[in-house]
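Colleague: Encoded as structure tokens, here's the structure I'll be asking about.
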Amino acid sequence: MIRRILKNIDYPLVAVTAALLVFSLINIGSATLEFNDASMEKVQSLNILLRLLHLDYQYVIKQFAWIIMGLVAAMVLMYIDYEDMSKYTRQLYVINLAMLMAVVFIGQTALGAQRWIHIGPFQFQPSEFSKLIIIITFADFLAKRQGRLNSLRELIPCFIYIAVPMLLILKQPDLGTSLVFVAIMFGMLFVAGARPSILVGIIALGVVMGLSLYGLHHYLHTPDVELQKKITYVNKALSGSDWYLRNEPDIMAELKERGYNTSPQSLNKYLEELKVEDGPIKERHEKFHSLTLKEYQMSRLTTFVNPESDLLGSGYHVWQSRIAIGSGGLTGKGLLGGTQSHYTFLPIRHTDFIFSVVGEEYGFIGSALVLIMYFVLLYRGVRIITLARDVYGTLLASGIVSLFAFHVIINIAMTAGVAPVTGIPLPLFSYGGSNMLMNLAALGVLMNVYIRRQKLIF
């Protein structure tokens, strides 16, 4: 049986996956190093082979261990006939919800989000595995509803099916993974035969709602920020530093309009009025965020348009990423040569912003090579969709291709500064155990569909 499976493997897909994994290990080993001027000069004097010996192998070894576990998971999932997975989709869906619920009660908090569960020395992120589980279960759900996806009413059960785990993930909060669920759902619904006009209409409605949400946020956020600025400047003036106040003509004009001057007595009265105004404005603003997205999430979704407006805050990541990619030029600065990376200007460079490291150290040529590898991977995935022998296999493959396509497009667009920073990693490339394990397991399922494109007889 193993011989038959090996004979039917999609070797171009295996080759491009292996190439991405090797290149990712090199970049992770490079991205996690920190240099000063002296050590940078010393490294740049070395040839390429000696530079490879100077990589940060602590992270490389950890990532390599996850790759081995992921390959084992992929081989197991290749061996099991994917049709057998459809027999246990109800149980898998319940397990998925149980994992996500467990995060709410026993999950560990890091970087302001509660997403991880510790089991002994291991830490894993259930929302990552939830992506693959939802593909396996939703494919069966859609296959059983074939021919009954022609109206909005018939699509409502599909939305509810996805919404339940997605809301649990939003609660963590993890906006990026929630958006991945949406991409998977629409990709699979399209392949399942849902009317494109309905799907486009829903997407258009979502865009309108998103823009309305942004407009409401701007309406509530701006007065709050402006009022806080006034309070800060008045406090500074009362403490003896009135430079900021005197260089704000709008505040000075408002003081004059209210009959005040810059004397301590007038400023104290003005400050009391500002504090009275601050209460209801802040209350409305905070209520908005309690019912929608957090302040930092909204900032990430909006400041990418103009990161210069908040270079020391939410715009910092995008700005530094643009500098890193732009400074790479055509051929890049070479392995271990990225100043933005190794002088630690570029944040989270071994995870979400690892493509920025590629752009800085290998330039346009290296970045294009990575994009070509992902194009080949997605092309092979689309080919597997067309070759699948049944509806369930087609939907499985379409869900996995949608998953990879969304991750690649959003992550690279994010690092280039043309999409919001949502914390979506680059598949098979970013550092992270749960994501790597899930990606390789998903490719195992995709390969399973390809291997059994024609019924194997043993």
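Colleague: Regarding residue 391, is this residue under 19 Å from residue 315 (Cα atoms) and either in the same structural domain as residue 25 (by TED's automatic domain parsing) or modelled with pLDDT of 90 or more (or both)?
Modeller: no
Colleague: Within the range 433-455, track down each residue that is out of contact with any Phe, Trp or Tyr (no Cβ under 8 Å at 6 or more places or on another chain) and part of a loop (DSSP other than H, G, I, E, B).
Modeller: 453, 454, 455
Colleague: Let me ask something else about it. Filter the range 366-395 for residues that are free of Cβ contacts under 8 Å to residues at least 24 places away in the same chain and in contact with a helix residue (DSSP H, G or I) (Cβ under 7 Å, 6 or more places away or on another chain) and give the result.
Modeller: 382
Colleague: What residue, of 50, 100, 46, is crowded, with 18+ Cβ neighbours inside 10 Å and either farther than 30 Å from residue 168 by Cα or in contact with a helix residue (DSSP H, G or I) (Cβ under 9 Å, 6 or more places away or on another chain) (or both)?
Modeller: After ruling out the rest, the residue left standing is 100.
Colleague: If you don't mind, another one. If residue 214 meets every condition in (1) in a helix (DSSP H, G or I); (2) farther than 30 Å from residue 103 by Cβ; (3) at pLDDT below 85; (4) of a type outside the set (Val, Ile, Thr) apart from one, which number is that one?
Modeller: Among (1) in a helix (DSSP H, G or I); (2) farther than 30 Å from residue 103 by Cβ; (3) at pLDDT below 85; (4) of a type outside the set (Val, Ile, Thr), residue 214 violates only (2).
Colleague: Residue 183 is checked against (1) over 20 Å from residue 391 (Cβ atoms); (2) surrounded by fewer than 17 Cβ atoms within 10 Å (Cβ to Cβ) and fails just one. What number does that condition carry?
Modeller: Condition not satisfied by residue 183: (2).
Colleague: Turning to a different aspect of this structure: Can you tell me which residue within the range 251-295, out of those that are among the hydrophobic types (A, V, I, L, M, F, W, C) and either under 25 Å from residue 213 (Cβ atoms) or in contact with a His (Cβ under 6 Å, 6 or more places away or on another chain) (or both), is modelled with the highest pLDDT? Show your work before the answer.
Modeller: At the first step, the residues of the range 251-295 found to be among the hydrophobic types (A, V, I, L, M, F, W, C) are 251-253, 255, 267, 271, 274, 276, 281, 288, 291, 293.
From what is left, the residues that are either under 25 Å from residue 213 (Cβ atoms) or in contact with a His (Cβ under 6 Å, 6 or more places away or on another chain) (or both) are 281, 288, 291, 293.
Values: 281: 90, 288: 87, 291: 79, 293: 76.
Restricting to residues being among the hydrophobic types (A, V, I, L, M, F, W, C) and either under 25 Å from residue 213 (Cβ atoms) or in contact with a His (Cβ under 6 Å, 6 or more places away or on another chain) (or both), the top hit is 281.
Colleague: Same structure, new question: Considering the range 145-174 alone, what residues qualify as being small (Gly, Ala, Ser) and part of a helix (DSSP H, G or I)?
Modeller: Hit for the range 145-174 is 163, nothing else.
Colleague: Quick test for you: out of 98, 74, pick the one residue that is without any contact (Cβ under 8 Å) to a residue 40 or more places away in the chain, in a helix (DSSP H, G or I) and among the small types (Gly, Ala, Ser).
Modeller: From the options 98, 74, the qualifying one is 98.
Colleague: Taking only pairs six or more apart or across chains, which ones have beta-carbon atoms under 6 Å, a first residue in the range 5-24 that is in contact (Cβ under 8 Å) with a residue 60 or more places away in the chain, and a second residue that is aromatic (Phe, Trp, Tyr)?
Modeller: Here the result reads 10/450; 24/429, each pair linking the range 5-24 to a residue that is aromatic (Phe, Trp, Tyr).
Colleague: I need the full set of residues from the range 193-221 which are surrounded by 12 or more Cβ atoms within 10 Å (Cβ to Cβ) and more than 26 Å from the chain's Cα centre (by Cα), in order please.
Modeller: Selection gives 193, 194, 195, 198, 219, 220.
Colleague: For the structure I just gave you, tell me whether residue 421 is within 30 Å of residue 322 (Cα to Cα), touching a His at 6+ places or on another chain (Cβ under 9 Å), buried (at least 21 other Cβ atoms within 10 Å of the Cβ) and of a type in the set (Val, Ile, Thr).
Modeller: The answer is yes for residue 421.
Colleague: Turning to a different aspect of this structure: Could you tell me which of the residues 363, 399 is in contact with a helix residue (DSSP H, G or I) (Cβ under 8 Å, 6 or more places away or on another chain) and in the same structural domain as residue 10 (by TED's automatic domain parsing)? Even if it seems obvious, please write down each step before you answer.
Modeller: Values: 363 fails: in contact with a helix residue (DSSP H, G or I) (Cβ under 8 Å, 6 or more places away or on another chain).
So the residue among 363, 399 that is in contact with a helix residue (DSSP H, G or I) (Cβ under 8 Å, 6 or more places away or on another chain) and in the same structural domain as residue 10 (by TED's automatic domain parsing) is 399.
The values are calculated or read from the model by the stated rules, or taken from the named source; none is laboratory data. Quick caveat: nothing in here was measured; it's all calculated off a predicted structure. All Cβ positions, glycine included, derive from the backbone under ideal geometry; neighbour counts span all protein chains shown.
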